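The values are calculated or read from the model by the stated rules, or taken from the named source; none is laboratory data. Here the structure is a predicted model, which means the values were calculated and not measured. So basically every Cβ, Gly included, is an ideal-geometry build from the backbone, and we count neighbours across all protein chains shown. Side chains are part of the model used for accessible areas, which takes the heavy atoms of the whole protein and leaves out ligands, DNA and RNA. Shrake-Rupley method; radii C 1.70, N 1.55, O 1.52, S 1.80 Å.
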Amino acid sequence: MSYSETMLDQLSGGQLDDAKKSFALALRNDDDDTLYSLAEELYGLGFLNQSRRTYLKLLEKYPDEDQLRTALADIAIDEGESDEALSYLDQINEDSPAYLESLLVAADLYQTQELFEVSERKLLNAYEIAPDEPVVLFALAEFYYMMGQYEQAIPYYFDLIKSGETTFAQVDLAGRIGTAEAQRGHFEQALGYLEQVKPEFQTSDVKFQTGFTQLQLKQTKDAIETLENLREEDPQYATLYQPLAQAYQQDNDEEQALQTLKEGMGVDEYNENLYEYAADVASHLDEEQLVGEYLLDAYQINPENLSIVLKYSNWLLKQNQYSANVELLKPIIEQDEVDPQMYWNLAISYQHTEKLELAGQYFEAAQPFFTDQPDFLRQATYYYREMGQFDQMLETLRKYVALVPDDAEMALMLEDYEI
């Protein structure tokens, strides 16, 4: 048995001190092929420093072996040493047998630095050199997939499948295509591919994507079965709870939808979307107190979410909690981009808290956005009448009656004031 093999056995047995001694003996005594295999094994096990030392020893002996430089660049990338990685890669010329591999390693490096355009150029350069090389096709497909450019990723996955590959680097290609098609909104095509994924590659991600796709296709029972199966196997997969609740809603089971969301909150307690959705479901169940509790929770998690702020504001108005609504909206209303409904809500709140001048300020701010909304025009009309602002009242009242001519009370008011 070589010293390299002895070292690997000792590492697997947790004998680290003995492995250290065997490593030193391996570097001095084992042949070059054995040392190269040792370097690969050590890299795979995560012993990067020992792997680097082995490759460097070989590079001293074989300075023209550029494959050693790409291996050293990989290690440098893993350790966050970008300059060192580039130094190795820059030493590899275009006529080198390792040049293709160096392009792939460089692409990986530039991705880690978020220099995606440079990474793409490296990959396309590799594709020009070896358009049929599976590792190049896979690298390009995965790059575009990671970037969310699914339409560009799919043809490279197809090319791999046409070359006879069904999996690559422990990735099921049908599953990748299915997910990519689902992300493009092509749900029927997506489900066809997702259903081809082999059992050993049925990861939580694949099961989730399958259930989500079934939900989009209104295959409600299938979606519930798939997502419940996922919940049983992987209850910490937080993303499953909202679409599962949606599936129960599609199945007209609001109670189970709400229970599912509650369980989701236990897994992902800081996901404001779960609380916001739970408020919507609770509203359908006429559980008004729960609506307020969930919206308050959602707001406290993310007070910058204006959708949640507006829903909570609407709920406060419904509960006649006008002062609380003012306190909610005051710090938000000064922002550059505000939903005009907030102006309307503030106008109502100030009116009911006897701050009539402020109410008028926000009725004026809201008016350009709600000139075709009868409810707003009716409220504004009564406000202007209360304030004795008859010109504004008549203007608003005329707009209202034009929209709702069969409202006898308002039509009569218009007649009275136009006499």
DSSP loop (so not H, G, I, E, B), at most 12 other Cβ within 10 Å: list which GluC sites (Glu not before Pro) in segment 221-307 pass both filters. Glu269, Glu304
Pick out, from Gln389, Leu215, Gln152, the residue whose Cα sits farthest towards the positive end of the charge dipole of the chain, with +1 on the Cβ of Lys and Arg and -1 on the Cβ of Asp and Glu. Gln389
CD proxy, 222 nm, the chain: helix-only mean residue ellipticity via -39,500 (n - 2.57) per DSSP H run with n ≥ 4, per residue, nearest 500, stands at -23000 deg cm²/dmol
Can you work out the Karplus-derived ³J(HN,Hα) for every residue in segment 238-245? Use 6.51 cos²θ - 1.76 cosθ + 1.60 with θ = phi - 60°, whole Hz, and x for glycine or proline. 4, 5, 6, 5, 5, x, 5, 4
Quick one: helix 150-162 against the long Cα principal axis of the chain, what's the angle to the nearest 10°, folded into 0 to 90? 40
In degrees between 0 and 90, to the nearest 10, how far off the longest principal axis of the chain does helix 99-112 point, with axes built from Cα atoms? 30
Please list, in order, the residues from segment 83-103 whose amide nitrogen is less than 15 Å from a point placed 7 Å along the Cα→Cβ vector of Met146. 103
Using the Cα centre as the reference, give the magnitude of the dipole from point charges on the C-beta atoms of the chain (Lys, Arg: +1; Asp, Glu: -1; all else neutral), rounded to the nearest 20 debye. 200
Share of carbon and sulfur in the accessible heavy-atom surface of the chain [1.4 Å probe, %]: 45
Quick one: helix 356-366 against the long Cα principal axis of the chain, what's the angle to the nearest 10°, folded into 0 to 90? 60
HN-Hα J in Hz across segment 215-230 - Karplus 6.51, -1.76, 1.60, θ = phi - 60°, x for Gly and Pro: 5, 5, 8, 6, 8, 4, 4, 5, 4, 4, 4, 5, 6, 5, 4, 5
What does the charge add up to near Thr220, with Lys and Arg as +1, Asp and Glu as -1, over the other residues with Cβ less than 15 Å from its Cβ? -4
Reachable lysines, given that their alpha-carbon falls under 22 Å from the alpha-carbon of Lys355 and they are not under 8 places away in the same chain: Lys318, Lys330
Taking the structure as given and computing Cα Rg over 2.2 N^0.38 Å, which label from [x] 0.95; [y] 1.49; [z] 1.23 fits? [y]
Got a sec to turn the phi values of segment 187-195 into Karplus ³J(HN,Hα) couplings, 6.51 cos²θ - 1.76 cosθ + 1.60 with θ = phi - 60°, whole Hz, x for Gly and Pro? 6, 5, 5, 4, 5, x, 6, 4, 6
